[in-house]
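The values are calculated or read from the model by the stated rules, or taken from the named source; none is laboratory data. Keep in mind the model is a prediction, meaning the values are calculated, not measured. Cβ: placed from backbone, ideal geometry, glycine included. Neighbour counts: every protein chain shown.
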Amino acid sequence: MKILMISDVYFPRVNGVSTSIESFRRALTRLGHSVTLICPAYPVGHEDDPGIRRIHSRGVLTDPEDRMMHYRRILALAPELAAQGFDLIHVHTPFVAHYAGRALGARLGLPVFETCHTLFEEYLHHYLTWLPASLLRFAARRVAVRQCQTVAALISPSTPMREALVRYGVSRPISVVATGLPVEAFAAGGEGQVSAADTRRGFDIDAEAPLLLFVGRAAHEKNIAFLIEMLPRVLACHPHATLVVAGEGPARQALARQARAAGVEASVRFVGYLARDGELQALYRAADVFVFASRTETQGLVLLEAMALATPVVSTAVMGTRDVLCDGEGCLVAEDDESAFAATVNRLLEDPALSSELAQRAVVYAGRWHEDAQATALLECYQSQLAPKEEVALPSIGSP
């Protein structure tokens, strides 16, 4: 099968959409299929394989990390793409990529699939703060329905995301296909290269200090503020505990100010993005507990990354994380309350036997989410829509 993917974001822009696309491209190729990706060119350097087509792009005023591709330059590729004989188009983002994907689908006579990666109704008010949140939620739902109804089929990364689309009024076929994890490659990255003690020393963290880790964009919708607010309750029982935030994003400065105001500045480290070639894996391994409290996540792949590296997880189970987390299988599900969340973290830090048991279960559980299995599920979604519909023979006039 030949698949044409289109996205408004991809590496070097680090986020869940980029990671998801990379995972499916890698797994689909390994399973014998061809994937070409159309995505923006960025002003910073990046290495690409022949399957990536970069489109000239410009900056986005509300988010300097993102880029906007030139629509007409994508459509200009139509004759070249037609000659390559693609079977379908898979759109990953609802901006220029959505409209260009639909236009290419019409020109090339191809079905268009689209993944709904983001719950925009719980996202936009963090960035368009001068507009009423209720108005933004209404607009996000209306746009989502209008776009979803124009494609052949939809892919949702989790059951709650599918439920949200159905609640909006979307009637197109929706398949739940989560992003998979490169279990062997991820767990092997950096193996034996850096010890936990050396990793901690590199970030000026005491070897014996309880280490809490968050990995992801430093963005408002990730609810990192919740983790900072609950931290004093952990410090009351574990005075040397440290919260490490590994990621960059528009909320970083606000979060640093919050940590100062809460009196926990010395106990919070913002370390930025870390390479996935060993540096990030080493930090996962060095952590005592991975903490997560996002209320808008459509899946939460970092939870599986932590578990694949035997790091126990304490997390709320809201939206997509409900599909990922199973209490006791490498994680403790905490209430969406700062006191209760901190109590769960303290319980784990104070019970080495529980921590060890969860670590062992975590590795086994993460292995169930292998990216090859998820890519196979995606192929089944494609094939269910590509298969010719059976024609029902109508009785001729006069037949019984």
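Table for the structure above
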read-out: Looking only at the range 246-281, and only at residues there that are of a type in the set (A, V, I, L, M) and outside any helix (DSSP H, G or I), the one that is farthest from residue 309 (Cα to Cα); value: 262
read-out: Subset tally (residues that are buried (at least 20 other Cβ atoms within 10 Å of the Cβ) and among the β-branched types (Val, Ile, Thr)) for the range 20-29; value: 1
read-out: Test: residue in the range 358-374 that is over 16 Å from residue 305 (Cα atoms), under 21 Å from the mean Cα position of the chain (by Cα) and among the charged types (D, E, K, R); value: no
read-out: Helices (runs of 4 or more DSSP H) contained entirely in the range 1-94, each with at least 1 residues that are closer than 20 Å to residue 178 by Cα and among the basic types (Lys, Arg); value: 16-30
read-out: Sole exception among (1) free of Cβ contacts under 8 Å to residues at least 60 places away in the same chain; (2) surrounded by 13 or more Cβ atoms within 10 Å (Cβ to Cβ); (3) of a type outside the set (Phe, Trp, Tyr) for residue 97, by number; value: (1)
read-out: Pair list, Cβ < 8 Å and 6+ apart or interchain, from the range 208-233 residues that are assigned by TED's automatic domain parsing to the domain that holds residue 298 and more than 15 Å from residue 296 (Cα to Cα) to residues that are assigned to a loop (DSSP other than H, G, I, E, B) and among the polar types (S, T, N, Q); value: 213/311
read-out: Positions within the range 12-40 being farther than 22 Å from residue 185 by Cα and more than 21 Å from the chain's Cα centre (by Cα), in sequence order; value: none
read-out: Index of the failed condition, residue 211 passing every other in (1) closer than 17 Å to residue 339 by Cβ; (2) in contact with a Ser or Thr (Cβ under 6 Å, 6 or more places away or on another chain); value: (1)
read-out: Any strands (runs of 3 or more DSSP E) falling wholly within the range 131-238 and containing at least 3 residues that are over 22 Å from residue 346 (Cα atoms); value: 153-156, 174-176
read-out: Filter result for the condition that a residue is farther than 24 Å from residue 343 by Cα, of a type outside the set (S, T, N, Q) and buried (at least 17 other Cβ atoms within 10 Å of the Cβ), over 264, 271, 291; value: 271
read-out: Residues of the range 327-347 satisfying the condition of being aliphatic (A, V, I, L, M) and surrounded by fewer than 21 Cβ atoms within 10 Å (Cβ to Cβ); value: 332, 333, 340, 343
read-out: Which numbered condition residue 243 fails, given (1) surrounded by 20 or more Cβ atoms within 10 Å (Cβ to Cβ); (2) part of a loop (DSSP other than H, G, I, E, B); (3) of a type in the set (A, V, I, L, M); value: (2)
